[in-house]
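The values are calculated or read from the model by the stated rules, or taken from the named source; none is laboratory data. Not measured: the values here are computed from a predicted model. Glycine also receives a Cβ, built like all others from the backbone with ideal geometry; neighbour counts cover every protein chain displayed. We work out accessible area using only protein heavy atoms, side chains counted, and drop any ligands, DNA or RNA first. Shrake-Rupley method; radii C 1.70, N 1.55, O 1.52, S 1.80 Å.
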Amino acid sequence: MKALALDLLLAMRGSARDLLPIVLVVAFFQLVVLQQPLPDLGRILSGSLMVVVGLALFIRGLEYGLFPIGETMAYGFARKGNIWWLLAFAFALGFSTTVAEPALIAIAEEAAKVAAGGGMIADTEAARADYTLGLRITVALSVGAAVALGVVRIIKGWPIQYFIIGGYIGVMLMTPFAPREIVGIAYDSGGVTTSTVTVPLVTALGVGLAASIKGRNPMVDGFGLIAFASLTPMIFVMGYGMLI
């Protein structure tokens with residue numbers, strides 16, 4: 001218990017150190033450039049303390065929980081030797097983590113509000129909810145497919161650069177034909193999917209799988225799934241906009 005408490009204190013110190021440059025930048029421009037006092041200083045300090053504690057708990061939670069789970073399941077499926085179960089797990093992991101991604105939920109809800117305000121959809125709660133759900137499901141399907149494809153790449157040992165180059169060529173070719181209103185959302189969807197929930201589990205899956213397959217280097221072959229997860233939402237969301 002003492003070791004855990006010490007570990008958390010060290011993590012909090014590291015989080016405070018990482019947060020310090022942001023605090024200094026905000027304070028400099030507020031006090032020196034704008035020459036105005038910080039509004040509600042007590043609230044800012046308490047909020048900063050919450051951020052430090054939250055970051056420390058989040059980082060240690062990844063190390064103690066999510067990374068070991070992903071790696072352990074990757075080892076288990078590799079030992080089982082059934083590629084179809086492994087691909088099903090990879091797809092389900094990518095889909096479920098993306099659906100639960102807070103950043104995607106936020107941007108989908110904001111996109112629905114803007115779409116309703118711009119007349120693209122009816123300005124009703126039901127229409128906004130349908131638009132939000134459709135966007136989240138589309139992105140989640142794309143990430144599930146991306147993780148499954150990345151697993152195949154690790155198993156086969158295919159070079160990652162050809163997939164990434166080909167994918168971005170596809171994005172560039174689709175962009176002129178996609179509705180203008182959906183292009184920006186599609187590009188943003190590629191970034192918001194790779195956030196707090198998706199990244200740890202997907203990274204652990206890739207590293208654990210590469211480590212469990214003979215002839216694969218975890219450093220060379222284990223990483224890259226996140227790049228797939230960032231790329232495919234752009235393609236899927238633009239396709240969703242062109243169809244819907």
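Just subtract the alpha-carbon distance of K156 and K80 from 0.36 nm times their residue separation and send over the number in nm, one decimal. Kindly include the intermediate steps, with their values, before the conclusion.
Values: separation 76, 0.36 × 76 = 27.36 nm, distance 1.71 nm.
Taking 0.36 nm per residue and subtracting the Cα distance, the gain is 25.6 nm.
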Problem - Sulfur and carbon atoms: percent of accessible area, the chain [1.4 Å] - result: 71
Handout entry: Spacing of the two label points (7 Å from each Cα toward its C-beta) at Y168 and S212, in nm
Key = 3.2
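Normalised by the number of residues in the chain, what is the relative contact order in percent for Cα pairs under 8 Å and 6+ residues apart? Mind showing how you got there, number by number?
Details: 281 pairs, mean separation 59.9, N = 244.
Relative contact order here is 25 percent.
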Exercise for the section: Treat each spin label as a single point 7 Å out from the Cα along the C-beta direction, and report the F177 to M219 distance in nm. Expected result: 4.2
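At R0 = 30 Å, how high is the FRET efficiency between A5 and T72 if r is their beta carbon distance? Nearest 0.05 is fine. Can you show the working numbers first?
On the way: r = 26 Å, r/R0 = 0.87.
It comes out at approximately 0.70.
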Exercise for the section: Taking only protein heavy atoms into account and a 1.4 Å probe, give the accessible area per residue of the chain in Å². Expected result: 56
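Quick check on packing: order 159-166, 185-192, 138-145 by the mean number of other C-beta atoms within 10 Å, highest mean leading. Show your work: numbers first, answer last.
Working: 159-166: 12.8, 185-192: 21.4, 138-145: 24.9.
Packing order, densest peptide first, comes out as 138-145, 185-192, 159-166.
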Problem - Projected-area mean, the range 71-116, by convex hull of Cα positions, square nanometres - result: 4.0
Handout entry: Amide N proximity, the range 175-197 versus F58 label position 7 Å along Cα-to-Cβ, cut-off under 13 Å
Key = 194-197
Exercise for the section: Name the most mobile residue of V171, V25, V202, meaning the one with the largest mean-square fluctuation, in a Gaussian network model of the chain with Cα contacts below 10 Å. Expected result: V25
Exercise for the section: Report Rg (one decimal) and Dmax (nearest whole number) for the chain, counting Cα atoms only, units Å. Expected result: 21.2, 65
Problem - Gaussian network model of the chain, Cα within-10 Å springs - most flexible of G65, G150, G14 - result: G14
Fill in the blank from the handout: Given unit charges at Cβ for Lys, Arg (+) and Asp, Glu (-), the dipole magnitude of the range 83-132 about its Cα centre in debye, nearest 20, is 140
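Using Cα pairs under 8 angstrom and six or more residues apart, how large is the relative contact order of the range 67-141, in percent? Don't jump to the answer; show the numbers that get you there.
Details: 44 pairs, mean separation 22.8, N = 75.
This gives 30 percent for the range 67-141.
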Exercise for the section: Sort out for me the Cα centre separation of the range 44-91 from the range 94-167, rounded to whole Å. Expected result: 20
Handout entry: Intensity falloff of the range 121-244 expressed as log10 I(q)/I(0), Debye formula with alpha-carbon point scatterers, at q = 0.12, 0.13, 0.23 Å⁻¹
Key = -0.48, -0.56, -1.27
